[in-house]
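The values are calculated or read from the model by the stated rules, or taken from the named source; none is laboratory data. All of these numbers come straight from a predicted model, not from anything done at the bench. Here Cβ is always computed from backbone atoms with ideal geometry, including for glycine, and neighbour counts include all displayed protein chains.
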Amino acid sequence: MAERGRTKQATMRDVARLAGVSTATVSFAINNNPRVSPTLRARVMAAIEQTGYAPDAAARTLRRGVAPSLGLIISDITNPNFATIALAVERAAQARGYGVFICNTDEKLEDERNYLRLMRAQRVAGLLLATSGRDDAAHAARLAAEVAMPVVLIDRPMSGLDWDSVVTDNVGAAHAAVAHLVALGHRRIGYVGGLPHLVLADQRLEGYRRALAEGGIAFDPALVRQGNYRPHEAAASTRALLAGADRPSAIFGTNAITILGVMQGIAELGLAVPAEISVVGVDDVPWATVVRPGLTTVVQPSAEVGALAVEMLLDRIADPGRPPRHEVLPTNLVVRGSAAPLA
């Protein structure tokens, strides 16, 4: 387990020692100086990879008077939740005199690893991370080995890492949405989610199941579809749910992108909302009040997540030894017109 999101930063001297060369040779190799042979450069680069050393690009910019920086790695910039978080992070960081490097992994683990290397190279003061990796021991160990700076996990918690985190109440969000449908008399409620390897996906499925149980409704795995948080896949899942004779009377979509796909799938089948199928989602997207009827949805405090994450990261930078802090922010159900009582 990493200690408070910080491990020892490798130095050029460490690289030189491992490669059996001088620090000057390491510098020449990094800068592609022709006096370093390809064979020797390969040896130096292998030592860099093994030690995790990153050239101190940020130190050079700081000497020129550039503001210190924070890093933000998010998994999908097209997701309105992450876009709002990123804007809030940028504003909160700027107010404290920090710039922000924003990187989007597009849910690709290899991109995440590359951006972690970039953050080390830029010597950011701290990192805000919404990981794309699985919530398992292997990924936790990999992050602990690759991250050598203060970290706050945002939106997506990770087991096995004793790092600060700020997330929304995912169980409560799903519970509120599904409980609303249950209260309207719905008994067969479809679930369209995504990326089941994430903690938040498990938590939203837990909230769904809890609301069903409280309503005396047996959980039916045939009504659950997991995907990859892409509209076309959510649309396909929706069409599949509604294709059978015993189709659900309502569907719960677990985030903004998923609910967009749900609405697309329903439209492709020519069904009316809410007369023929009720819909409730998570994330209060701009179009939620434009469609008719308006979308009933659970509002996440995305801006608050971003601002609080910056505050927590700067606190960690100032006091590396303090106990880890874990914040879970509440959500709010906004009732509009996309869910109606079951006839």
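List pairs: first in the range 220-237 and aliphatic (A, V, I, L, M), second in a helix (DSSP H, G or I), Cβ under 6 Å, 6+ apart or cross-chain? Between residues of the range 220-237 that are aliphatic (A, V, I, L, M) and residues that are in a helix (DSSP H, G or I), the close pairs are A234/T258; A234/G261; A234/V262; A235/G261; A235/Q264; A235/G265.
Quick check on the range 183-201: of everything there that is hydrophobic (A, V, I, L, M, F, W, C) and in a strand (DSSP E or B), which residue is nearest to G265 (Cα to Cα)? I'd like the intermediate steps shown before the answer.
Restricting attention to the range 183-201, the residues satisfying the condition of being hydrophobic (A, V, I, L, M, F, W, C) are 183-184, 189, 192, 195, 198-201.
Among the residues that remain, those that are also in a strand (DSSP E or B) are: 189, 192.
On the way: I189: 16, V192: 11 Å.
Of everything passing the filter in the range 183-201, V192 is nearest to G265 (Cα to Cα).
Per this entry, G244 is not counted among residues that are of a type outside the set (A, V, I, L, M) and modelled with pLDDT of 95 or more. Would you call T39 modelled with pLDDT of 85 or more, assigned to a helix (DSSP H, G or I) and among the β-branched types (V, I, T)? Answer is yes for this residue. The residue that is nearest to the chain's Cα centre (by Cα), counting only those in the range 291-321 that are part of a loop (DSSP other than H, G, I, E, B) and over 22 Å from L181 (Cβ atoms), is P301.
Take D202 and decide whether it is closer than 25 Å to V166 by Cβ, among the acidic types (D, E) and buried (at least 23 other Cβ atoms within 10 Å of the Cβ).
Details: closer than 25 Å to V166 by Cβ: yes; among the acidic types (D, E): yes; buried (at least 23 other Cβ atoms within 10 Å of the Cβ): no.
It is false that D202 is closer than 25 Å to V166 by Cβ, among the acidic types (D, E) and buried (at least 23 other Cβ atoms within 10 Å of the Cβ).
A single entry from P324, P248 fulfils the requirement of being part of a loop (DSSP other than H, G, I, E, B), under 25 Å from R230 (Cβ atoms) and touching a residue at least 60 places away in the same chain (Cβ under 8 Å): P248.
Among the residues of the range 266-297, just one is at pLDDT below 95 and polar (S, T, N, Q), namely T289. Within the option set A130, A86, being among the aliphatic types (A, V, I, L, M), within 15 Å of I154 (Cβ to Cβ) and touching a Lys or Arg at 6+ places or on another chain (Cβ under 6 Å) holds for one residue only, A130. Within the span defined as the range 133-142, every residue fails to be touching a Phe, Trp or Tyr at 6+ places or on another chain (Cβ under 8 Å), more than 17 Å from P324 (Cβ to Cβ) and small (G, A, S).
Within the range 205-222, count every residue that is surrounded by fewer than 20 Cβ atoms within 10 Å (Cβ to Cβ) and either of a type in the set (A, V, I, L, M, F, W, C) or in contact with a Phe, Trp or Tyr (Cβ under 7 Å, 6 or more places away or on another chain) (or both). Walk me through how you get there before you give the answer.
Let us first name the residues in the range 205-222 that are surrounded by fewer than 20 Cβ atoms within 10 Å (Cβ to Cβ), namely 206, 209-210, 213-222.
Filter once more, so that each one left must be either of a type in the set (A, V, I, L, M, F, W, C) or in contact with a Phe, Trp or Tyr (Cβ under 7 Å, 6 or more places away or on another chain) (or both): 209, 213, 217-219, 222.
Adding up the residues that qualify gives 6.
Cβ-Cβ distances below 7 Å connect the following pairs, each with a first residue in the range 43-54 that is modelled with pLDDT under 85 and crowded, with 17+ Cβ neighbours inside 10 Å, a second residue that is of a type in the set (S, T, Y) and not in a helix (DSSP H, G or I), and a separation of six or more residues or different chains: Y53/T11.
For the range 316-336, enumerate the residues that are surrounded by fewer than 20 Cβ atoms within 10 Å (Cβ to Cβ) and within 18 Å of I85 (Cβ to Cβ). Break it down into steps so the answer makes sense when it comes.
Taking the range 316-336 first, the residues surrounded by fewer than 20 Cβ atoms within 10 Å (Cβ to Cβ) are 317-330, 332-336.
Result: R325, H326, E327, V328, L329, P330, N332.
Across the range 183-194, what is the total count of residues that are surrounded by fewer than 20 Cβ atoms within 10 Å (Cβ to Cβ) and in contact (Cβ under 8 Å) with a residue 40 or more places away in the chain?
4
Here's the yes/no breakdown for (1) assigned to a helix (DSSP H, G or I); (2) touching a residue at least 12 places away in the same chain (Cβ under 8 Å); (3) over 21 Å from the mean Cα position of the chain (by Cα):
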residue: L161; (1), (2), (3): no, yes, no
residue: S165; (1), (2), (3): no, yes, no
residue: A173; (1), (2), (3): yes, yes, no
residue: V178; (1), (2), (3): yes, yes, yes
residue: L181; (1), (2), (3): yes, yes, yes
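Being surrounded by fewer than 24 Cβ atoms within 10 Å (Cβ to Cβ), farther than 12 Å from V192 by Cβ, in contact (Cβ under 8 Å) with a residue 12 or more places away in the chain and not hydrophobic (A, V, I, L, M, F, W, C) is the filter here, so list the residues in the range 251-288 that pass it. Matches in the range 251-288: E268, P274, D284, P286.
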